[in-house]
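Q: What follows is a structure written as structure tokens; I'll ask about it next.
Please treat every number below as a calculation from the coordinates, not as lab data. None of these values were measured; they are calculated from a predicted model. Ideal geometry is used to build each Cβ from the backbone, glycine not excepted, and the neighbour counts take in all protein chains shown.
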Amino acid sequence: MRKPFLHRLLALSTLLAISFGLCISHIASATKITFAEDSAMITQANMVLKESLGMNYYAEVADSVIENGTTLAMNFTMNDTNGNPYTTTVNGIQETTTQKYVFTLNEIAPQLLAENIKAELVLLNESTKATKLLDTYDGYSVKAYLLSLLPGASSTLKTLVYSILSYGAASQAYLGMSNTITNDLTIDAKFVSPVHSDNTTNEIYNDEDNPAKGTQIFGMGVWFDRVITPYLTVYVANGDLESLTVKTSKSILELKYYQDYADGALYRAEVFTLKPTEYSSSRNVTLTINNVKQRVSVCLNDYLYTIYNTKNNTQEEKDLAYTVYNYGVAATAYVG
């Protein structure tokens, strides 16, 4: 890859999975949303930071409202990067308290933080079609939620809020989009320049037009999208693929074909998705071929350091590296 950075930073995708477990969802008290109806109403919304940006919406629904053969769900509608609206349906998960439910919209792309989220509490029939609209809340966004946290926020929370917003704005700039996230804000936070930890050995950004001879881990890249996923580029000489393994301590990595060469081919292996509190961590990846091993260590922050300090990278690439780095630093400081 000639520019060792973003190869995809795409619009919010379909198939948004429900995901639970606190990471930074205790970021602040949930924002209260008040409605008139008592039998079925959306009551709160707050943010979830795990491997992706997301929003939790909460509802209180009387048992009598849920008809036989129906499922309680929420339709989330927002625009993609082209301004085209689409809807994702998420089933409700009942909390320990009866009649209280949570609906999680995961994997919100950072460049869409200012996009309006329309939430509709609905009943679905067995064909997953909405049969009844129970409640609606419109006119909200991730940006609006983050700004609601600032009054009275601690310095660590304030820095985290501004780091997320800056990350979104840098994503928009990289895509050539207009800045709708921080263009009207004064960033009241101190960010830091990326620092190299010396935890990793795989900062090898070879020219893909001239791959080295012999099967080996060839370089590193990162998908910055709805989730942040480091990947390795592996050059595989002809005939070596069947006897080759690339793995972490937890799993064997899937090699995905990328490009042919006269004596072999390049493959890519996604290593893992990362929570923002894991950006500074280092993990080993081992390639084994004919009983010969090559081991490298992968650390996102060290990669961001290299992108930020590489002279020929664009300003948009450097700004995105800078904001992602600070997002991880701020999240780690906030969690403690």
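Q: Given segment 236-336, what whole percent of its Cα pairs are spread farther than 21 Å?
A: 51
Q: Give the Rg (one decimal place) followed by the Dmax (whole number) of segment 31-143, computed from C-alpha coordinates and expressed in Å.
A: 13.8, 41
Q: Please give the length that would be gained between residue 311 and residue 62 if that part of the chain were fully extended, namely 0.36 nm times their separation in residues minus their C-alpha to C-alpha distance (nm, one decimal).
A: Extending this stretch completely gives an extra 83.6 nm.
Q: To continue, here is another question. Just to verify a number: FRET efficiency for residue 82 and residue 291, C-beta to C-beta distance, R0 = 41 Å, to 0.05?
A: With a Förster radius of 41 Å, E is 0.20.
Q: Provide the FRET efficiency to the nearest 0.05 for the residue 136-residue 191 pair, computing r from the beta carbons and using R0 = 35 Å.
A: Details: r = 38 Å, r/R0 = 1.08.
Here the calculated transfer efficiency is 0.40.
Q: For residue 218, what residues show an amide H to amide H distance below 5 Å, using hydrogens built from the backbone and excluding near sequence neighbours?
A: Under 5 Å from the amide H of residue 218 lie the amide H atoms of 233, 234, 235, each far enough along the sequence or on another chain.
Q: Listed here are the pairs 143/190; 118/158; 50/100; 250/275; 50/158; 256/318; which of them are more than 21 Å apart at the Cα?
A: On the way: 143/190 19 Å; 118/158 26 Å; 50/100 23 Å; 250/275 17 Å; 50/158 18 Å; 256/318 28 Å.
Beyond 21 Å: 118/158; 50/100; 256/318.
Q: Sticking with this one: Under the 0.36 nm per residue contour assumption, what length would be gained going from the current alpha-carbon distance of residue 238 and residue 270 to full extension? Can you show the working numbers first?
A: Working: separation 32, 0.36 × 32 = 11.52 nm, distance 2.16 nm.
Here the answer is 9.4 nm.
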